[in-house]
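The values are calculated or read from the model by the stated rules, or taken from the named source; none is laboratory data. Just so you know, these numbers come straight off a predicted model, no measurement behind them. So basically every Cβ, Gly included, is an ideal-geometry build from the backbone, and we count neighbours across all protein chains shown.
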Amino acid sequence: MLKVGITGNIGSGKTTGCKVFEVLGIPVFYADEAAKKVMIEDDVLIDAIKAAFGNEAYYEDGSLNRKHIGGIVFNDKQRLEELNALVHPAVFRAFDVWVEEQADAPYVLKEAAILFESGSYKKCDRSILVAAPLDIRIDRVMKRDGVTADEVKSREARQYPQEKKMELADDIIINDDSELVIPQMLKLHELYLSLANNK
Ligand code: ATP
């Protein structure tokens, strides 16, 4: 199965872009949602999180105590990396299981905000970056989330710069209002169909 990773910095429009591929019949795996799911469903991961962050990491009903974990990792890069090192392999496992279930699809997409930062692009055959200038992305997120420009900038600062991702990505979708995005996506769709056929 051809696996295409899709990413983009905050407000770039990657989730919106994925909806277009879904309309074309391409299944999309949303890694952030999967991470939330495995943290409450994958028993091996749950035990590892409790061992590293204490039993208080979970409430008695099995839901995640985000406040407890957030309080530990928010300003501690090392502990955040420790948490990520536990969660990422569980998300990879969930992705592999999910891919097996998509046998009828010509190819699949994996949407991940940290596709490049986590190294997970290396497990994909191809990668797409959805890109737009920072000022446009700030405006979009301020409108979408009702937050300030500074809040968007601080979230942006935690990601690799968009320029670095442009170098790493195989394919780029420009979503800056100057170019129509759907034709760009259709072109990539054709490319992936032919790559999938030759795989
Ligand atoms: P995040 O990383 O913050 O989750 P994202 O990359 O998934 O963001 P989206 O949520 O898809 O981005 O898009 C951000 C906002 O910008 C949304 O409200 C979306 O509707 C809007 N948007 C996306 N593309 C465009 C566009 N071409 N023109 C106008 N608005 C757009």
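Quick notes
- Residue identified as modelled with pLDDT under 95, farther than 21 Å from S120 by Cβ and among the charged types (D, E, K, R) among D47, D76: D76
- Restricted to the stretch 8-33, and to residues there that are among the hydroxyl-bearing types (S, T, Y) and within 30 Å of Y58 (Cβ to Cβ), the residue that is nearest to the ligand (Cβ to nearest atom) is T15.
- For the residues E117, E111, the requirement of being in contact with a Phe, Trp or Tyr (Cβ under 7 Å, 6 or more places away or on another chain), within 12 Å of the ligand (Cβ to nearest atom) and closer than 30 Å to V44 by Cβ singles out E111.
- Of all the residues in the stretch 2-25, those that are more than 16 Å from S120 (Cα to Cα) and out of contact with any strand residue (DSSP E or B) (no Cβ under 6 Å at 6 or more places or on another chain) number 9.
- Subset of the stretch 34-67 (residues that are farther than 27 Å from E111 by Cβ and in contact with a Phe, Trp or Tyr (Cβ under 7 Å, 6 or more places away or on another chain)): K50
- Only residues that are touching a residue at least 12 places away in the same chain (Cβ under 8 Å), of a type in the set (D, E, K, R) and either in contact with a Pro (Cβ under 9 Å, 6 or more places away or on another chain) or part of a strand (DSSP E or B) (or both) were counted in the stretch 93-125, giving 2.
Listed here are the residues, each with its yes/no results for (1) away from the ligand (no atom under 16 Å from the Cβ); (2) among the acidic types (D, E); (3) surrounded by fewer than 17 Cβ atoms within 10 Å (Cβ to Cβ); (4) assigned to a helix (DSSP H, G or I).
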residue	(1), (2), (3), (4)
I6	no, no, no, no
A35	no, no, no, yes
V38	yes, no, no, yes
A52	yes, no, yes, yes
K67	yes, no, yes, yes
R79	yes, no, yes, yes
V87	yes, no, no, yes
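- In the stretch 8-19, the residues that are in the same structural domain as P161 (by the TED database) reach residues that are part of a helix (DSSP H, G or I) and of a type in the set (V, I, T) with C-beta atoms within less than 7 angstrom, at least six apart or across chains, in these pairs: I10/V141; I10/V152; G11/I138; G11/V141; G11/V152; G17/V181.
- One residue from G62, G71 being part of a helix (DSSP H, G or I), free of Cβ contacts under 8 Å to residues at least 24 places away in the same chain and surrounded by fewer than 16 Cβ atoms within 10 Å (Cβ to Cβ): G71
- Here the stretch 153-199 is the region considered, the condition is being under 17 Å from the mean Cα position of the chain (by Cα) and assigned to a helix (DSSP H, G or I), and the residue that is surrounded by the most Cβ atoms within 10 Å (Cβ to Cβ) is K165.
- In the condition set (1) surrounded by 21 or more Cβ atoms within 10 Å (Cβ to Cβ); (2) of a type outside the set (V, I, T); (3) assigned by the TED database to the domain that holds D171, E22 is compliant with all but (1).
- Scanning the stretch 127-148 for residues that are surrounded by fewer than 20 Cβ atoms within 10 Å (Cβ to Cβ) and more than 14 Å from the ligand (Cβ to nearest atom) yields one hit, T148.
- Meets criteria (under 28 Å from K19 (Cα atoms), basic (K, R) and assigned by the TED database to the domain that holds D170) for R93: no
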